[in-house]
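Here the structure is laid out as structure tokens; the discussion comes afterwards.
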Amino acid sequence: MNRQVIIALGCGVLFGMGLTVSGMTDPARVRAFLDVFGSWDPTLAFVMVGAMMPMAVAWRIAKPRRAPLAADEFHLPATHPIDAKLLLGATLFGVGWGLVGLCPGPAIAALALRPGPAVLFVLAMFAGATIHRFLFSRPSAGTAAT
Amino acid sequence: MIAAFPSAIPLQGLIGGVMIGLSAAILLLGIGRIAGVSGLFARATGASDSGAPRMIALAFTVGLPIGAFVAASVILTPMRMTASWPLIIVGGLLVGFGTRLGSGCTSGHGVCGMSRHSPRSLAATATFMAAGIATVTAMRLIGFGS
């Protein structure tokens, strides 16, 4: 467990460094990527391509293995069909993303860069996630649904 | 760097992207978890009842601003926030609620899910990208926010 926590912390640090190096903690740059009819900035596409390369390799390595290196099993999302919740959720997320230019990772990373607006956004994000919890949580299935 | 897009930073984007992908790959192969920031954040803050163990989620989440701080001390990274504070709150609420309803954000669906060829993640990513583009374009058309 301790080893897993340390790995998670290291991964978070590396992830936050990557977001900052790639300019993704800059909301104006992210909004410029979404501004395809304005002065388009393709940087985010390079970030996605760069990030998917190691992950494509990682999935190939993971596939034949029964367990990861420092845990008993893989915890992977089940492959549900595409449903209305998924599409509505992604739409609402996309609207918020376009309004401000922040998604969860960069918003949390930006707490160290410009605390003022970042704290406000992260608190609102927490409130949004909490509203979802109260609307959709199933207390009896809570611990089993991992 | 790309003549047609003077503000783009493709090399930094690619390098930062690879760092993000490596982080996600280490998390997957090390402890068998998906580097989905919205899920880990919700878990870390108690806004979700299911998902990774609390300490693991917390460690990853805390790592993000630490990594951003380290990277920002080496490399110059502006954070240009165009949104006013009411917009930041609305955006944060939508991002927090939407990523929970849609089971993921740019990292979980975009990086981890797409590299896994998950149809759900592909649909979610296409949807939030389209919604983001529509939002930024609509704001441009009414001359608001940019």
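Bear in mind that the values in this text are calculations on the coordinates, not laboratory data. Everything numeric in this text was worked out from a predicted model, so none of it was measured. Here the Cβ is made from the backbone with ideal geometry for all residues, glycine too, and neighbour counts use every protein chain on show.
What the table below lists for this structure:
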| read-out | value |
| --- | --- |
| When chain B is reduced to its Cα atoms, the Kirkwood hydrodynamic radius in Å | 17.2 Å |
| Share of Cα-Cα pairs in the protein assembly as shown lying beyond 35 Å, as whole percent | 10 percent |
| Taking A:W40, A:W97 and counting other C-beta atoms within 10 Å, the order from fewest to most | A:W40, A:W97 |
| Label-point gap, in nm, between A:L88 and B:R80 - each point 7 angstrom along Cα→Cβ | 3.7 nm |
| 10 Å Cβ shell holding at most 13 others, DSSP loop, trypsin sites (Lys or Arg not before Pro): longest site-free stretch of chain A | A:67-146 |
| Net charge contributed by nearby residues that have their C-beta within less than 13 Å of B:T99 (K/R +1, D/E -1) | +4 |
| Those chymotrypsin sites (Phe, Trp or Tyr not before Pro) in segment A:1-37 that DSSP places in a loop and that have at most 15 other beta carbons within 10 Å | A:F37 |
| For chain A, built as a Gaussian network whose Cα springs stay under 10 Å, the top-fluctuating residue of A:T25, A:T130, A:T79 | A:T79 |
| Label-point separation, A:N2 to A:L69 (7 Å along Cα→Cβ), nm | 1.9 nm |
| FRET E, pair A:L76, A:L123, Förster distance 22 Å, beta-carbon r, rounded to 0.05 | 0.10 |
| Helix-derived mean residue ellipticity, 222 nm - over chain A, DSSP H n ≥ 4, -39500 (n - 2.57), to 500 | -21000 deg cm²/dmol |
